[in-house]
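Only one structure is covered here, and it is reproduced in the block below.
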Amino acid sequence: MRKHIWVGSILLLLSGIFPLFATNIYPDWFIHPGTYPQLITGYTYNGMSAQDDALNMYCAFKECIVVGTLEIFEENESDELLKNSNYFYYFSPDSVEALEGKFYEADAFDVSTFTHDRIAAFSFDSTQTVSTLWMNAEEIERPSWVDKTFFRDQNFYYGVGMYTALGRENDGWKTAEEQAIFTILTALAVEVHHLKIDVRTGDAFTQSMDQISFLKIKYLLRNIQVLERYPDRQNKLYYVLVRIPRNGLVSPLMK
């Protein structure tokens, strides 16, 4: 039996009004996780402890199967583009159980005293220490990858995820991370079905250019890595950069 994480819609419902930008300083390991490969980030999220989240995501990022669909509705007259996605990560629960008791907290910080949310870094080394280098969010230089969506090089696929910072911070970071992965998957997917919508005017049908596209995804993923995070204070957004090795992504639905 495989364990699965239901991601559901990328557009999360905000359960209340929370302080905007609950934290203004971040440790370097959180902003530049790619330079700390020995650390695994965990969030208090959906009633889950930071350690349990880190365990689940470590196992999913090592190897998982992702199955789902993306629905895109494009309205001709207003050129609106509405997206809805539903997909699942599947991975073996045995891999999580095998790691229980072997994860040690190396560092952590509180995101909000109001919501009691926190973010922590974990390691397999109980003696692991992290130098406390803190970064003011408003002084972090805007990285060039923020203006991209999907790109690739000889060895990796890269995806950029973005989500609003108007809700709970941990929800925002987690969703931006999921969206970054989904950006890679949808950029490489090939099986797309289109449905045009007819609009009745009086007794006659008028052909409309309104269209719904259904994009199916089915992938085996290995060695997903979060490289960087960026809190965009000016535009109230969270950005996450993720990469996946070319040989770590397999699908019968790829271009």
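The residue pairs whose first member lies in region 132-147 and is closer than 10 Å to Y26 by Cα, whose second member is open to solvent by 50 Å² or more (accessible area, probe 1.4 Å) and in a strand (DSSP E or B), and whose beta carbons are closer than 8 Å, counting only pairs six or more residues apart or on different chains, are W134/I25; M135/I25; N136/I25; A137/I25. Any chance region 200-223 includes a residue that's of a type in the set (S, T, N, Q), surrounded by 13 or more Cβ atoms within 10 Å (Cβ to Cβ), at negative phi and modelled with pLDDT of 95 or more? No, there is no match, as no residue in region 200-223 is of a type in the set (S, T, N, Q), surrounded by 13 or more Cβ atoms within 10 Å (Cβ to Cβ), at negative phi and modelled with pLDDT of 95 or more. Condition first: assigned to a strand (DSSP E or B) and surrounded by fewer than 19 Cβ atoms within 10 Å (Cβ to Cβ). Now tell me which residues in region 229-255 satisfy that. Scanning region 229-255 gives D232, L237, P245, V250, M254.
Pairs please, first residue from region 50-69 and in contact (Cβ under 8 Å) with a residue 12 or more places away in the chain and charged (D, E, K, R), second anywhere and assigned to a helix (DSSP H, G or I) and open to solvent by 10 Å² or more (accessible area, probe 1.4 Å), Cβ atoms under 9 Å, 6+ apart in sequence or on different chains. Close Cβ pairs (under 9 Å, with a partner that is assigned to a helix (DSSP H, G or I) and open to solvent by 10 Å² or more (accessible area, probe 1.4 Å)) amount to K62/S95; E63/S95.
When you look at S123, is it more than 17 Å from K236 (Cα to Cα), open to solvent by less than 20 Å² (accessible area, probe 1.4 Å), under 22 Å from the mean Cα position of the chain (by Cα) and among the small types (G, A, S), yes or no? Against the criterion (more than 17 Å from K236 (Cα to Cα), open to solvent by less than 20 Å² (accessible area, probe 1.4 Å), under 22 Å from the mean Cα position of the chain (by Cα) and among the small types (G, A, S)), S123 qualifies. Within region 148-155, none of the residues are within 27 Å of N46 (Cβ to Cβ) and either touching a residue at least 40 places away in the same chain (Cβ under 8 Å) or open to solvent by less than 30 Å² (accessible area, probe 1.4 Å) (or both). Screening W134, W173, W145 for residues that are in contact with a strand residue (DSSP E or B) (Cβ under 9 Å, 6 or more places away or on another chain), surrounded by fewer than 18 Cβ atoms within 10 Å (Cβ to Cβ) and at pLDDT 95 or above leaves exactly one candidate, W145.
In the set (1) closer than 30 Å to F214 by Cα; (2) in contact (Cβ under 8 Å) with a residue 40 or more places away in the chain; (3) aromatic (F, W, Y), F122 fails one condition alone, (1).
Return the total of residues in region 91-119 being in contact (Cβ under 8 Å) with a residue 60 or more places away in the chain, open to solvent by 90 Å² or more (accessible area, probe 1.4 Å) and assigned to a helix (DSSP H, G or I). Number satisfying all stated conditions: 0.
Of all residues in region 157-170, those being more than 22 Å from T115 (Cβ to Cβ) and surrounded by fewer than 20 Cβ atoms within 10 Å (Cβ to Cβ) number 0.
Step by step: first the residues of region 3-54, then only those that are closer than 24 Å to Q225 by Cβ and modelled with pLDDT under 50, then the one that is surrounded by the most Cβ atoms within 10 Å (Cβ to Cβ). Which residue is that? Out of the qualifying residues, it is V7.
The values are calculated or read from the model by the stated rules, or taken from the named source; none is laboratory data. As the structure is a computational prediction, the values presented were derived from the model and not from experiment. No Cβ is skipped: glycine too gets one built from the backbone with ideal geometry, and neighbour counts run over all protein chains shown. Quick note on the areas: whole protein, heavy atoms, side chains included, nothing else; ligands and nucleic acids left out. Shrake-Rupley method; radii C 1.70, N 1.55, O 1.52, S 1.80 Å.
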